[in-house]
Amino acid sequence: DTILNQKGEGVTCIYVAIGQKASTVATVVRTLEEAGAMDYTVIVNAGAADSSALQFLAPYTGVTIGEFFRDNAQHALIVYDDLTKHAVAYREMSLLLRRPPGREAFPGDVFYLHSRLLERAAKMSDENGAGSMTALPIIETQAGDVAAYIPTNVISITDGQIFLETNLFNSGIRPAINVGLSVSRVGGAAQIKATKQVAGTLKLSLAQFRELEAFAQFASDLDEATRKELELGQRMVEV
């Protein structure tokens, strides 16, 4: 959706598929073609059948393409799908090279692996053309564990994260965003005053609703105030 919404905005999009199935990449390409988005989109694909070396190099190839547009006073958007598989490919290479393994068998410099990649996304000064490149890295979690090694590393590098939850998706709530775990480092500084006033109370109300919803599963008799909070939360989610 992010790539599709750049149509007519003068933004060049780069989609980097790392370790994905060929059918998955084909579905993405077909969706982009049907929406006319391939006119401004570059696909870099190192699939699941490709070697670990190619999967390791794919995001660096994509970001170099994005830097070309950024450095020539244009705007680029790059999507890495996904950096978990990129880290796994790097781990395989490191183990074959007999480098000392660390946490979860990843090499000690895996943080540097992603920081040097994501920090290449930047907004240039007016003296350097005022071009920009925005990076959207995707991380796959195991059972929603954001405290795992790779998710923790990437979260510490980025300006925020949107956490998508399988349970919310299966219950029909889409986009399946977990408000409690989704954070913006920029936050209100980038919002207009009206949005800022609504967003602060809205996020708090949704977080309280999630807590009450979990509690209500184990309680058969709820008081009136709790029922009203649950009804309000359900209406907010539907909106």
Open item on the list: I'm told residue 172 meets every condition in (1) of a type outside the set (Asp, Glu); (2) assigned to a loop (DSSP other than H, G, I, E, B); (3) on the phi < 0 side of the Ramachandran plot; (4) at pLDDT below 90 except one. Can you identify the failing condition by its number?
Closed with: (3)
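Does residue 119 meet the test of being under 19 Å from residue 48 (Cα atoms) and among the charged types (D, E, K, R)? Quick ask: steps written out before the conclusion?
Working: under 19 Å from residue 48 (Cα atoms): no; among the charged types (D, E, K, R): yes.
When the stated conditions are applied, residue 119 does not pass them.
Being in a helix (DSSP H, G or I) and within 24 Å of residue 3 (Cβ to Cβ) is the filter here; which residues of segment 154-163 pass it?
So in segment 154-163, the residues in a helix (DSSP H, G or I) come out as 154-157.
If the condition is that a residue be in a helix (DSSP H, G or I) and within 24 Å of residue 3 (Cβ to Cβ), then 154, 155, 157 are the ones that fit.
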TODO: State all residues of segment 12-52 that are small (Gly, Ala, Ser) and either loosely packed, with under 14 Cβ neighbours inside 10 Å or under 19 Å from residue 115 (Cα atoms) (or both); if no residue qualifies, say none.
DONE: 17, 22, 23, 26, 36, 49, 51
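To keep it simple, each residue is scored yes or no on (1) hydroxyl-bearing (Ser, Thr, Tyr); (2) exposed (fewer than 14 other Cβ atoms within 10 Å of the Cβ); (3) out of contact with any strand residue (DSSP E or B) (no Cβ under 7 Å at 6 or more places or on another chain); (4) over 23 Å from residue 139 (Cα atoms).
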| site | (1), (2), (3), (4) |
| --- | --- |
| 177 | no, no, no, no |
| 182 | yes, no, no, no |
| 189 | no, yes, yes, yes |
| 217 | no, yes, yes, yes |
| 221 | no, yes, yes, yes |
| 229 | no, no, yes, yes |
TODO: Could you tell me which numbered condition residue 180 fails, if it satisfies all but one of (1) in a helix (DSSP H, G or I); (2) of a type outside the set (A, V, I, L, M, F, W, C); (3) within 19 Å of the chain's Cα centre (by Cα); (4) not assigned by TED's automatic domain parsing to the domain that holds residue 121?
DONE: (1)
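Please verify whether residue 12 is over 25 Å from residue 88 (Cβ atoms), of a type in the set (S, T, N, Q) and part of a strand (DSSP E or B), treating the condition exactly as stated. Even if it seems obvious, please write down each step before you answer.
Working: over 25 Å from residue 88 (Cβ atoms): yes; of a type in the set (S, T, N, Q): yes; part of a strand (DSSP E or B): yes.
Considered against the rule, which asks whether it is over 25 Å from residue 88 (Cβ atoms), of a type in the set (S, T, N, Q) and part of a strand (DSSP E or B), residue 12 comes out as yes.
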Task: The listed residue being touching a residue at least 24 places away in the same chain (Cβ under 8 Å), closer than 26 Å to residue 159 by Cα and among the aliphatic types (A, V, I, L, M), out of 49, 35, 53, 58 - done: 58
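Could you tell me how many of the residues in segment 137-154 are at pLDDT 85 or above and either basic (Lys, Arg) or surrounded by fewer than 18 Cβ atoms within 10 Å (Cβ to Cβ) (or both)? Show your work before the answer.
Let us first name the residues in segment 137-154 that are at pLDDT 85 or above, namely 137-142, 145-154.
Filter once more, so that each one left must be either basic (Lys, Arg) or surrounded by fewer than 18 Cβ atoms within 10 Å (Cβ to Cβ) (or both): 138, 140-142, 145-149, 152.
Result for segment 137-154: 10.
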- [ ] Return only the number of the condition from (1) of a type outside the set (A, V, I, L, M); (2) in a loop (DSSP other than H, G, I, E, B); (3) more than 13 Å from the chain's Cα centre (by Cα) that residue 201 does not satisfy.
- [x] (2)
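The values are calculated or read from the model by the stated rules, or taken from the named source; none is laboratory data. Please read these numbers as outputs of a predicted model, since none were measured by experiment. We place every Cβ from the backbone using ideal geometry, glycine too, and count neighbours over all the protein chains shown.
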